[in-house]
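Engineer: Dumping the structure here so I can ask a few things about it.
The values are calculated or read from the model by the stated rules, or taken from the named source; none is laboratory data. Just so it is clear, the structure is predicted and the values come from calculations on it, not from any experiment. When we count neighbours, we look across all protein chains shown, and the Cβ atoms used for this are built from the backbone with ideal geometry, even at glycine. Ligands, DNA and RNA are stripped out before the accessible areas are found, and what is left, the full protein with its side chains, is counted by its heavy atoms. Shrake-Rupley method; radii C 1.70, N 1.55, O 1.52, S 1.80 Å.
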Amino acid sequence: GKWDWQSVKHMMLPAILGIVIGALSFGSLSVNTTKALLGGISVAFSIYQLIPALRDLKTWLPEWLRPWLWCGLSGFTSTLAHAGGPPITIYLWPKKIDRMQFMAITVVFFTVVNAVKLIPFAILGQLSLSNLATSLVLMPFAPVGVWLGVRIARHIQPTLFYRLLYLGMFLTGLKLIWDALK
């Protein structure tokens with residue numbers, strides 16, 4: 001279906017609140033705890049999507065609460081563990097938007113989230129010349145990655161696109177759990 005870009009703006013306030021909560025809890029909640037929690041959610045959601053019988057279950061959250069939970073959780077986990085993708089996927093999936101809009105929304109969302117995170121990272125002393133230099137070196141690769149992703153998404157069947165998305169989310173969840181347990 002078509003996606004109203006006004007809705008993307010409504011995703012940002014919960015994400016910014018999540019960033020603030022993440023910044024305030026910085027140091028009191030371990031990165032490993034955040035990774036384990038997010039990994040568990042990602043694995044559970046992937047299994048939920050990949051097993052048809054489970055997909056028939058009713059969504060358990062009211063519509064008005066979904067952006068506050070998933071976009072807020074994305075801002076929070078992005079701040080603490082740079083892993084905000086799974087909650088946004090969980091939020092966007094029921095919207096049944098096409099894959100190109102899905103990619104565009106996530107690019108816009110994370111561009112804003114990552115820019116806003118610079119404020120608490122600076123306040124918390126997490127920015128250094130070294131990591132900023134690394135970012136500058138890697139920055140030219142971001143548009144190449146987006147361009148490549150768009151090219152691939154245009155040529156892949158929608159069903160396969162979402163199956164790969166769920167598989168990627170499942171593997172990301174396992175990796176997060178593995179990292180948390182090391």
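Engineer: If you go through the range 6-39 one residue at a time, how many are over 19 Å from Pro67 (Cα atoms) and either without any contact (Cβ under 8 Å) to a residue 40 or more places away in the chain or more than 14 Å from the chain's Cα centre (by Cα) (or both)?
Structural biologist: 12
Engineer: State all residues of the range 133-157 that are open to solvent by 50 Å² or more (accessible area, probe 1.4 Å), in a helix (DSSP H, G or I) and under 26 Å from Leu38 (Cβ atoms); if no residue qualifies, say none.
Structural biologist: Listed by number, the residues that qualify are Thr134, Ser135, Leu138, Phe141, Ala142, Val146, Leu148, Ile152.
Engineer: What number of residues within the range 57-93 are out of contact with any Leu (no Cβ under 7 Å at 6 or more places or on another chain) and either at positive phi or open to solvent by 50 Å² or more (accessible area, probe 1.4 Å) (or both)?
Structural biologist: 11
Engineer: Kindly provide the set of residues from the range 94-103 that are over 15 Å from Leu69 (Cα atoms) and open to solvent by 40 Å² or more (accessible area, probe 1.4 Å), ordered by number.
Structural biologist: Lys95, Lys96, Asp98, Arg99, Met100
Engineer: Could you list, in sequence order, the residues of the range 8-43 that are part of a helix (DSSP H, G or I), under 21 Å from Leu124 (Cβ atoms), out of contact with any Phe, Trp or Tyr (no Cβ under 7 Å at 6 or more places or on another chain) and open to solvent by 40 Å² or more (accessible area, probe 1.4 Å)?
Structural biologist: Passing the criteria: Ile16, Leu17, Val20, Leu24, Val31, Asn32, Thr33, Lys35, Leu37.
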